[in-house]
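Asks: Pasting a structure below so you can have a look.
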Amino acid sequence: MQSARLINVAKVLFAVVAWGVSFIATKVALRDVSPVTVVWLRFAMGLVIIGVAVAARGQLVLPSWRDAAYFALLGFLGIAYHQWLQSTGLQTAQASTTAWIVATTPIFMALLGWLVLHERLGLIQIAGIALAAIGVLVVVSGGDFRALGMDQAGMPGNLYILASAPNWAIFSVLSRRGLRQHPPAWMMFYVMGFGWLITSGMFFSGPGLAEIGQLTSSGWAGIAFLGIACSGLSYVFWYDGLQAIPASQVGAYLYFEPLVAVVAAGIILDEPLLLVSLLGGAGILLGVYLVERPGKERSFPAVQEV
């Protein structure tokens with residue numbers, strides 16, 4: 001029993017580390033090709049891996065027409081649009097900054113619940129939202145708030161990344177109904193499949209197959225890591241962990257994701273490790289901790305891969 005738990009913990013940790021490094025792998029691949037090519041290739045690989053896992057578990061059955069339409073909507077929001085936002089943003093945004101910004105997704109989920117579902121926000125949660133917002137400003141500006149009004153090199157990308165956080169919150173809220181009714185890996189297979197088909201339209205009407213020839217060995221390594229580790233194995237491992245370990249315990253591991261990204265960005269991309277960014281990141285994580293209520297339902301990962 002103990003060995004089985006250790007295996008599931010190892011699977012969850014693998015997913016968290018892979019998603020943390022995904023920001024760096026994306027920037028490496030973007031040196032060679034456009035964002036849509038990165039997204040199209042990585043999810044082609046991820047789709048194969050999740051498909052094999054679903055087939056091996058005897059779950060490879062077709063969804064109903066109603067579910068197919070629902071999965072197509074989720075595929076657009078969570079795969080095609082979301083990944084386009086983040087990959088486009090990473091053309092100019094730093095990987096470490098990106099990781100801190102996307103960590104605010106639970107804040108947007110709480111605000112969405114307040115605005116749409118009329119869920120109550122207590123004083124502690126409001127303080128957490130404010131603290132996380134200040135943390136984002138600190139991270140994005142590097143501690144110099146005057147820089148927010150200037151044309152910084154990374155600012156356009158930071159805005160794309162910031163837009164991806166509420167988008168993922170909407171995706172997560174909409175995913176809850178399906179996750180109550182369907183096996184997570186089976187549902188993710190079709191969500192990813194529809195998202196990849198939508199991305200295919202963008203890919204073939206844009207750069208197309210000719211751009212793939214521009215990939216260097218490092219670019220292929222980045223895409224292979226994204227497709228196999230991040231979009232394939234990590235999702236399978238994550239949901240295996242959720243089935244065996246309480247969600248509250250699994251969710252706690254996600255707090256390590258931006259820290260992994262910061263360390264990996266420093267090692268691989270030589271991005272500077274600034275004390276002010278760490279302080280801003282700490283503010284974001286503390287704000288998220290204050291906002292997230294004990295036992296709050298999770299759907300897809302709140303601190304997500306790029």
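Asks: Look at the stretch 57-69 and say how many of its residues are outside any helix (DSSP H, G or I) and not β-branched (V, I, T).
Replies: Our first condition is that a residue be outside any helix (DSSP H, G or I); within the stretch 57-69, this holds for 57-64.
The next check asks that each one be not β-branched (V, I, T); those that pass are 57-60, 62-64.
So the answer is 7.
Asks: Quick one: count up the residues across the stretch 115-131 that are part of a loop (DSSP other than H, G, I, E, B) and loosely packed, with under 10 Cβ neighbours inside 10 Å. So that I can check it myself, show each step before the final result.
Replies: Start the filter on the stretch 115-131 by keeping residues that are part of a loop (DSSP other than H, G, I, E, B), which leaves 117-122.
If we keep only those that are loosely packed, with under 10 Cβ neighbours inside 10 Å as well, we get 117-118, 120.
The qualifying residues number 3.
Asks: Every residue in the stretch 187-213 that is aromatic (F, W, Y) and crowded, with 20+ Cβ neighbours inside 10 Å, please.
Replies: F189, Y190, F194, W196, F203
Asks: Can we say A80 is touching a Leu at 6+ places or on another chain (Cβ under 9 Å), within 30 Å of G206 (Cα to Cα) and of a type in the set (G, A, S)?
Replies: yes
Okay, residues lined up against (1) part of a loop (DSSP other than H, G, I, E, B); (2) among the hydroxyl-bearing types (S, T, Y); (3) surrounded by 23 or more Cβ atoms within 10 Å (Cβ to Cβ); (4) touching a residue at least 60 places away in the same chain (Cβ under 8 Å):
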| position | (1), (2), (3), (4) |
| --- | --- |
| A25 | no, no, yes, yes |
| V38 | no, no, yes, yes |
| L47 | no, no, no, yes |
| A55 | no, no, no, no |
| Q86 | no, no, yes, yes |
| T97 | no, yes, yes, yes |
| M109 | no, no, yes, yes |
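Asks: State whether one or more residues within the stretch 205-217 are in a helix (DSSP H, G or I) and within 23 Å of Y70 (Cα to Cα). Spell out how you get there, then give the answer.
Replies: Initial filter on the stretch 205-217 (in a helix (DSSP H, G or I)): 205, 209-214, 217.
From what's left, within 23 Å of Y70 (Cα to Cα): none.
No - not one qualifying residue is present in the stretch 205-217.
Asks: Can I ask one more? Taking the stretch 213-246 as the search range and keeping residues that are among the aromatic types (F, W, Y) and at pLDDT 95 or above, which one is farthest from the chain's Cα centre (by Cα)? Even if it seems obvious, please write down each step before you answer.
Replies: Restricting attention to the stretch 213-246, the residues satisfying the condition of being among the aromatic types (F, W, Y) are 220, 225, 235, 237-239.
From what is left, the residues that are at pLDDT 95 or above are 220, 225.
Values: W220: 20, F225: 15 Å.
By that ranking, first place goes to W220.
Asks: Please find, among A264, A185, A229, A252, the residue that is part of a helix (DSSP H, G or I), of a type in the set (A, V, I, L, M) and free of Cβ contacts under 8 Å to residues at least 40 places away in the same chain. Show your work before the answer.
Replies: Values: A264 fails: free of Cβ contacts under 8 Å to residues at least 40 places away in the same chain; A185 fails: free of Cβ contacts under 8 Å to residues at least 40 places away in the same chain; A229 fails: free of Cβ contacts under 8 Å to residues at least 40 places away in the same chain.
Step by step, each of A264, A185, A229, A252 is checked, and only A252 is part of a helix (DSSP H, G or I), of a type in the set (A, V, I, L, M) and free of Cβ contacts under 8 Å to residues at least 40 places away in the same chain.
Asks: Residue check: is R42 modelled with pLDDT of 95 or more, of a type in the set (D, E, K, R) and within 14 Å of G227 (Cα to Cα)? Give the derivation first.
Replies: Details: modelled with pLDDT of 95 or more: yes; of a type in the set (D, E, K, R): yes; within 14 Å of G227 (Cα to Cα): yes.
So R42 fits the description; yes.
Asks: Of the conditions (1) more than 20 Å from L278 (Cα to Cα); (2) buried (at least 21 other Cβ atoms within 10 Å of the Cβ); (3) within 14 Å of the chain's Cα centre (by Cα), T104 fails just one. Which one is it?
Replies: (1)
Results for (1) within 17 Å of L226 (Cα to Cα); (2) touching a helix residue (DSSP H, G or I) at 6+ places or on another chain (Cβ under 6 Å); (3) not hydroxyl-bearing (S, T, Y), shown as yes or no for each residue.
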position	(1), (2), (3)
V54	no, yes, yes
P63	no, yes, yes
Y70	no, no, no
G75	no, yes, yes
T88	yes, yes, no
W100	no, yes, yes
A103	no, yes, yes
W114	no, no, yes
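Asks: Tell me, please, whether a residue that is touching a Phe, Trp or Tyr at 6+ places or on another chain (Cβ under 6 Å) and of a type in the set (S, T, N, Q) can be found in the stretch 84-96.
Replies: Residues of the stretch 84-96 that are touching a Phe, Trp or Tyr at 6+ places or on another chain (Cβ under 6 Å), as a first pass: 85, 88-89, 95.
Narrowing the set further to residues that are of a type in the set (S, T, N, Q) leaves 88.
Yes, because at least one residue in the stretch 84-96 is touching a Phe, Trp or Tyr at 6+ places or on another chain (Cβ under 6 Å) and of a type in the set (S, T, N, Q).
Asks: Looking at the stretch 69-88, is at least one residue modelled with pLDDT of 90 or more, small (G, A, S) and over 17 Å from the mean Cα position of the chain (by Cα)? Don't jump to the end; show me each part of the working.
Replies: First, pick out the residues of the stretch 69-88 that are modelled with pLDDT of 90 or more: 69-88.
Still in the list and also small (G, A, S): 69, 72, 75, 78, 80, 87.
Of the ones still in play, those that are also over 17 Å from the mean Cα position of the chain (by Cα) are 69, 72.
Scanning the stretch 69-88 turns up at least one residue that is modelled with pLDDT of 90 or more, small (G, A, S) and over 17 Å from the mean Cα position of the chain (by Cα).
The values are calculated or read from the model by the stated rules, or taken from the named source; none is laboratory data. Keep in mind that what you see is a predicted model, and the values were worked out from it rather than measured. In this analysis, Cβ positions are derived from the backbone assuming ideal geometry, glycine residues included, and neighbour counts consider all displayed protein chains.
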